[in-house]
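Undergrad: Sharing a structure, written as structure tokens. Questions coming.
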Amino acid sequence: MMDAVRARIRDVPDFPKKGIVFKDITPVLSDPHTFREVIDAFVGRWKGERVDKVIGIESRGFIFGAPIAYALGAGFTIVRKPGKLPWETVREVYALEYGEGALELHIDAIGPGDRVLVVDDVLATGGTAAAAGRLVARQGAELLGYAFLAELSFLNGARQLGHAKVHSLLTF
Ligand code: AMP
């Protein structure tokens, strides 16, 4: 039944640069049936667990994370690229193909006692999600797991994510 969702993920070759095949999830969102189907599938996977906070990773993780948090009865918070969050932050850097990236989280967004689910659209090499997981750990919260719409399994990103649960609705 995820076939209709898979069919609406569009491969865009050489975006944002040569050699990358970008998974464009916007057609999944624009169709009311597939949008509902993916949110319901995410919620179905995690509703048996206690989730206190959902973290969306900038920027497509925000789109999926907010309705998942709403449906699970959890709070929603965000990790963003440096300089975007207005309050005091903690930061984790991670390796990119050239240079490094970084993610920030508000210092008071999560804390000890929170069970946290991290959400993004695509798991590729895992560097981004791993950095989000380190932010959760640094704040003394419990990293319950990671939820992705699609996992590019040939890049072995799940290996970067330690012992947290990793669940992807689709694999490529
Ligand atoms: P990574 O850190 O390599 O796992 O990259 C994950 C982040 O980059 C996620 O926020 C994805 O949205 C984005 N990303 C990486 N590779 C792709 C791809 N081929 N198609 C779409 N998004 C991607």
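Nothing in this text is a laboratory measurement; each read-out follows from the coordinates by a stated rule. Remember, it's a predicted structure, so these values are computed and weren't measured experimentally. Every residue, glycine among them, receives a Cβ derived from its backbone with ideal geometry; neighbour counts consider all protein chains shown.
Undergrad: Based on the mean of other Cβ atoms within 10 Å per residue, sort peptides 148-159, 9-20, 54-65 so the most packed one is first. Don't jump to the answer; show the numbers that get you there.
TA: Numbers: 148-159: 18.0, 9-20: 10.4, 54-65: 22.6.
Descending mean neighbour count gives 54-65, 148-159, 9-20.
Undergrad: Further question: Taking the radius of gyration and the Kirkwood hydrodynamic radius from Cα positions alone, what is the Rg/Rh ratio for segment 74-149, to two decimal places? Don't skip to the end; give the middle numbers.
TA: Details: Rg = 12.0 Å, Rh = 12.7 Å.
Rounded to two decimals, Rg over Rh is 0.94.
Undergrad: What share of the DSSP beta bridges in the chain is antiparallel, in percent to the nearest 5?
TA: Values: 12 of 35 bridges.
Beta bridges within the chain, antiparallel portion: roughly 35 percent.
Undergrad: What does the helix-only formula give at 222 nm for the chain: each DSSP H stretch with n ≥ 4 adding -39500 (n - 2.57), the total divided by the residues, and the result rounded to the nearest 500 deg cm²/dmol?
TA: The helix contribution divided over the chain gives -8500 deg cm²/dmol.
Undergrad: Sticking with this structure for a sec: Taking 8 Å as the Cα distance limit and 6 or more residues as the minimum spacing, I'd like the relative contact order of the chain as a percentage. Before the final figure, lay out the partial values.
TA: Working: 342 pairs, mean separation 29.6, N = 172.
For the chain, the relative contact order is 17 percent.
Undergrad: Rounded to whole Hz and in sequence order, give me ³J(HN,Hα) for segment 87-97 from the Karplus expression 6.51 cos²θ - 1.76 cosθ + 1.60, θ = phi - 60°, writing x for Gly and Pro.
TA: So the J values, rounded to whole Hz, are 8, 5, 10, 10, 10, 10, 9, 8, 7, 10, 3.
Undergrad: Now for a separate question. What ranking of Y70, Y94, Y146 emerges when the number of other C-beta atoms within 10 Å of each C-beta is taken as an exposure proxy, fewest first? Mind showing how you got there, number by number?
TA: On the way: Y70 14, Y94 18, Y146 27.
Ascending Cβ contact count within 10 Å gives the list Y70, Y94, Y146.
Undergrad: Which peptide among 24-34, 125-135 comes first, and what is the full order, when sorted by highest mean count of other Cβ atoms within 10 Å? Let's see the in-between values first.
TA: On the way: 24-34: 14.8, 125-135: 21.8.
Per-residue Cβ counts within 10 Å, averaged per peptide and sorted highest first, yield 125-135, 24-34.
Undergrad: Same structure, new question: Residue by residue through segment 159-164, which ³J(HN,Hα) values in whole Hz follow from phi under the Karplus form 6.51 cos²θ - 1.76 cosθ + 1.60 (θ = phi - 60°), with glycine and proline marked x?
TA: 4, 7, 9, x, 9, 5
Undergrad: Taking only the alpha-carbon atoms of the chain, what semi-axes of the equivalent ellipsoid follow from 5 times the gyration tensor eigenvalues under a square root, in whole Å, largest first? Walk me through the intermediate numbers first.
TA: On the way: eigenvalues 113, 83, 40 Å².
Listed largest to smallest, the semi-axes of the chain are 24, 20, 14 Å.
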